[in-house]
Amino acid sequence: MEFKDHVCELLNTIDACQVFFDITVNFDLTKNYLDLVVTYTNLMMLLSRIEERKAIIGLYNYAHEMTHGSSDREYPRLGQMIVDYENPLKKMMEEFVPHGKSLSDALLSLQMVYPRRNLSADQWRNAQLLSLISAPSTMLNPAQSDTMPCEYLSLDAMEKWIVFGFILCHGVLNSDQAALSLWKLALQSSTCLCLFRDEVFHIHKAAEDLFINIRGYNKRVNDIKECKEQALSHAGLMHRERRKFLRSALKELATVLSDQPGLLGPKALFVFMALSFARDEIIWLLRHADNIQKKSTDDFIDKHIAELIFYMEELRAHVRKYGPVMQRYYVQYLSGFDAVVLNELVQNLSVCPEDESIIMSSFVNTMTSLGVKQVEDGDVFDFRGMRLDWFRLQAYTSVSKASLGIADHRELGKMMNTIIFHTKMVDSLVEMLVETSDLSIFCFYSRAFEKMFQQCLELPSQSRHSISFPLLCTHFMSCTHELCPEERHHIGDRSLSLCNMFLDEMAKQARNLITDICTEQCTLSDQLLPKHCAKTISQAVNKKSKKQTGKKGEPEREKPGVESMRKNRLLVTNLDKLHTALSELCFSINYVPNMVIWEHTFTPREYLTSHLEIRFTKSIVGMTMYNQATQEIAKPSELLTSVRAYMTVLQSIENYVQIDITRVFNNVLLQQTQHLDSHGEPTITSLYTNWYLETLLRQVSNGHIAYFPAMKAFVNLPTENELTFNAEEYSDISEMRSLSELLGPYGMKFLSESLMWHISSQVAELKVRGSHVICLGVTAVDSVLKRMTIIGVILSFRSLAQEALRDVLSCHIPFLVSSVEDFKDHIPRETDMKVAMNVYELSSAAGLPCEIDPALVVALSSQKSGHCNNIHCLAKAINQIAAALFTIHKGSIEDRLKEFLALASSSLLKIGQETDKTTTRNRESVYLLLDMIVQESPFLTMDLLESCFPYVLLRNAYHAVYKQSVPSST
């Protein structure tokens, strides 16, 4: 209500003073006058759209009465206003009759500006608009115009002035042809205008409803209908062509300025014109796409809109980055040219009152005092006072009875408008960017905003511009207002959520492309695996034999690498398409290191890094192809090949995006060496550990697999039920090395600990069984031997794993491994056992064999409460179990083992004198077992064995066992 009173008072004052309005002369005064009229009109129209407005003001008055004891004294007037403005435009048409002269004069001053701004794309193209290279000889000349601020004036604002202005003073449409031309041109350009944010005003219907009831306006109604048809049929195409032209024009402008940023000085006007033109076209599309009034929607769907927004953001970035360059240029311009010209104009004025003279002199003095040193010293410039003085001066000189009338001194007005633009280039670049390129309106068109983003990602050629959508979220806070502070949180949260969603989707898209490339590369790497060479060799052999017999062979299989042979440069493979799409999208992700939105910093590259970590983790586990039901799993060597192919692709990402891919590898691969990853999911360490323990070693215990020391591998035995896997393909030295590469020292340590846990459980059973051996006889002895054999099998497998780990670490860290080995080999015998165990633990972690197995010691200390039958594994079991137990019980390992050797030799010599076949069964094999125990032991020697057990018995035992294992040929 107060706003309405103030507006009416101000409009009456303007009419009484007969103020002169001309947008090309007193720009600030005319622009603010037209903005006031349009804002007043929009406010009244928005008020009429509130459905419960009467109930709201009634509740307000009731609350006021309860609080203050009486109703609001302005309530009757407020209620009357609500009733009067049921049809706001009709009421305001009556209200603006006395203001028609001032309003029409201000609108008619647009006849030189609006038609020039509302040209077709072909006219822009013929004029080479915004081109810096069309005339190279004038490239360094400053861009000038008599109507400087009008050049970047919003077309959308002008159309609102014209449409609403001529509706309010519609009488001039019948009397002035220029007014009618402006009116019709505006009606042909759009079908709706923005009232406030996403609230729109449908021009033609509203104007037709108003004019149809006015006598003598049939011709105007027909004009409106014709303009509507014109707008529906041609406006969409016209604006689409404009956007197409602006894309190329802004690209050229941004490219030239990035190479020669010094041109931002003389050509600053071009930059702000380009931003304003592009902003107008984007807002037009956004508004009309959400309010389509025709069946065909092709003109309102622009899949290349992201490109236009991107070049806008690029120009904005140039202005922010090279602001000091522009300041240096325009400080010199103001002091060296503008001050001189303005001083001459002031001197040549025939009449110049004292107040106006003082203001003009202050302008000259302010500009003359400027210098480049102020820019170099980082001084803060502030010309707001100067611009406010010029605004006051426009008001003083625009009234009818002014001594110095600006209408008679147009050159002065135009010069001052130019000077004001130059001052803004020094101290108000950020405000200028907001004025000419603010796209915060997207905040209120979330659905259209997200749809444009999805269209951008779906089109590979546009994905490089997808970063423009998160960058637009930085605009949103500029649409907030200090009179409505509570809205800041809502708009801020929306900007954060949208930016987060856009960056997340971009990272997901890049991740999916990278995954597809990795899949292709893994397939190519798989073709190079040794298992595929057998078919090639077979084909070669068959081809040779068939050639000799004269028969035709089967067609040759394509060899790996054929996919890289190109007969035509135009041939594009799927991998080429993926790489192209990835490079385009990565350009966007890498475009800015970070962006700040509502005091939050977003880093696009980190989104990609986190998604790559998650996908890499899932892919590694997935490539194991572990099937719990069938107990199938990929060979370690094949998994290692796939992981290396995957890592090679990920390393190539550093060519596109500045991310630390090594950090991704460290985070993911180190987690895979643990039992569970950071999300609590099983890793390849847990999968392979479970498989080797529960599948391979269990089948060894069942007699289906045997360990052959000469081959250093576990081998399948011929049985009735064939196994689903070949043990040798999972346990030979190359596979164990691959396993060590994948699991690393930490993973191999977990594998060892799991193996030791199984050994400790067997030892616990042995303690129980051992006490019953004497009373239970042979059955119990077999059980003890079987469990000792199981322990030996597990230790044999562990020795394979440790040897593989040592080989791998010797390749990766040879100097460190040699240092550890040297340290281990030179431990004095008299060293304290605790110190020695620390050294052994270090050595064991490096895969080095130790006299005492620290893992086994730890496992057993928690219990303080090559033949087909794997009997040869007993030697390793006895040695390592004995060393671990004697360490726990603080005994001398060497002395205790010597005692064991003496007792064992004595017992075996007594068996040699027995004649009972049951007692002497497998006597020779037991002799050999004693020999193997000595060979395996680091504490016993062959000299010691020969001193208590004749070697001739060992030689005869070897001969006897060999004869039993080799069947007679007869």
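The values are calculated or read from the model by the stated rules, or taken from the named source; none is laboratory data. Keep in mind it's a predicted model, so treat the numbers as computed, not measured. When we count neighbours, we look across all protein chains shown, and the Cβ atoms used for this are built from the backbone with ideal geometry, even at glycine. Remember, those area values only see protein heavy atoms, side chains included, never the ligands or the DNA or RNA. Shrake-Rupley method; radii C 1.70, N 1.55, O 1.52, S 1.80 Å.
Cross-link partners for residue 4 among the lysines, with Cα-Cα distance under 26 Å and sequence neighbours closer than 8 places in the same chain left out: 31, 54, 90, 91, 101, 160. Couplings 3J(HN,Hα) of the stretch 625-637, computed from phi: 6, 6, 10, 5, 5, 9, 6, 9, 8, 5, 5, x, 5 Hz, in residue order, whole Hz [Karplus 6.51 cos²θ - 1.76 cosθ + 1.60, θ = phi - 60°; x for Gly and Pro]. Multiplying each eigenvalue of the alpha-carbon gyration tensor of the stretch 69-184 by 5 and taking the square root yields semi-axes of 42, 18, 12 Å, largest first, rounded to whole angstroms.
Projection of the Cα convex hull of the stretch 376-460, averaged over all directions and equal to a quarter of that hull's surface, yields 10.8 nm². Computed with a 1.4 Å probe on the full set of protein chains, the accessible area for residue 410 sits at about 90 Å². A crude spin-label estimate for the pair residue 177 and residue 72, with each label 7 Å from Cα along the Cβ direction, gives 5.1 nm. Peptides 823-830, 254-261 ordered by packing proxy, namely the average of other Cβ atoms within 10 Å per residue, highest first: 254-261, 823-830. In order along the stretch 895-907, phi translates into HN-Hα couplings of 5, 5, 5, 5, 4, 4, 5, 5, 5, 5, 5, 4, 5 Hz, rounded to whole numbers, per the Karplus curve 6.51 cos²θ - 1.76 cosθ + 1.60 with θ = phi - 60° and x for Gly and Pro.
With contributions of -39500 (n - 2.57) from each DSSP H run of at least four residues, the per-residue ellipticity at 222 nm computed over the chain stands at -21000 deg cm²/dmol. For q = 0.07 Å⁻¹, what log10 I(q)/I(0) does the chain give under the Debye formula with an equal point scatterer on each alpha carbon and no solvent? Here the Debye-derived log intensity ratios amount to -0.79. The slack between residue 734 and residue 202, meaning 0.36 nm per residue of separation minus the straight C-alpha distance, is 183.9 nm. Length gained on full extension, residue 237 to residue 86: 50.7 nm, using 0.36 nm per residue less the C-alpha separation.
Counting only protein heavy atoms and using a 1.4 Å probe, the accessible area of residue 958 comes to about 100 Å².
With a cut-off of 15 Å on the backbone N, the residues of the stretch 396-439 near the modelled label site 7 Å out from residue 381 along Cα-Cβ are 418-433.
What a 1.4 Å probe finds exposed on the chain is 53% carbon and sulfur by accessible area, rounded to a whole percent. You can think of it this way: the chain between residue 219 and residue 670 has 154.3 nm of extra reach, that is 0.36 nm per residue less the Cα-Cα gap. Annotation: per residue accessible area for the chain equals 50 Å², rounded to a whole number [probe 1.4 Å, protein chains only]. Put a plus charge on the Cβ of each Lys and Arg, a minus charge on the Cβ of each Asp and Glu, and nothing anywhere else: the dipole of the chain about its Cα centre is then about 3540 debye.
With a simple spin-label model that places each label point 7 Å from the Cα along the Cα-to-Cβ direction, the separation between residue 951 and residue 431 comes to 10.5 nm.
Note on residue 320 and residue 652: their simple-model spin labels are 3.4 nm apart, each label 7 Å out from Cα toward Cβ. When each of the peptides 149-156, 669-676 is scored by how many other beta carbons lie within 10 Å of its residues on average, the order from highest to lowest is 149-156, 669-676.
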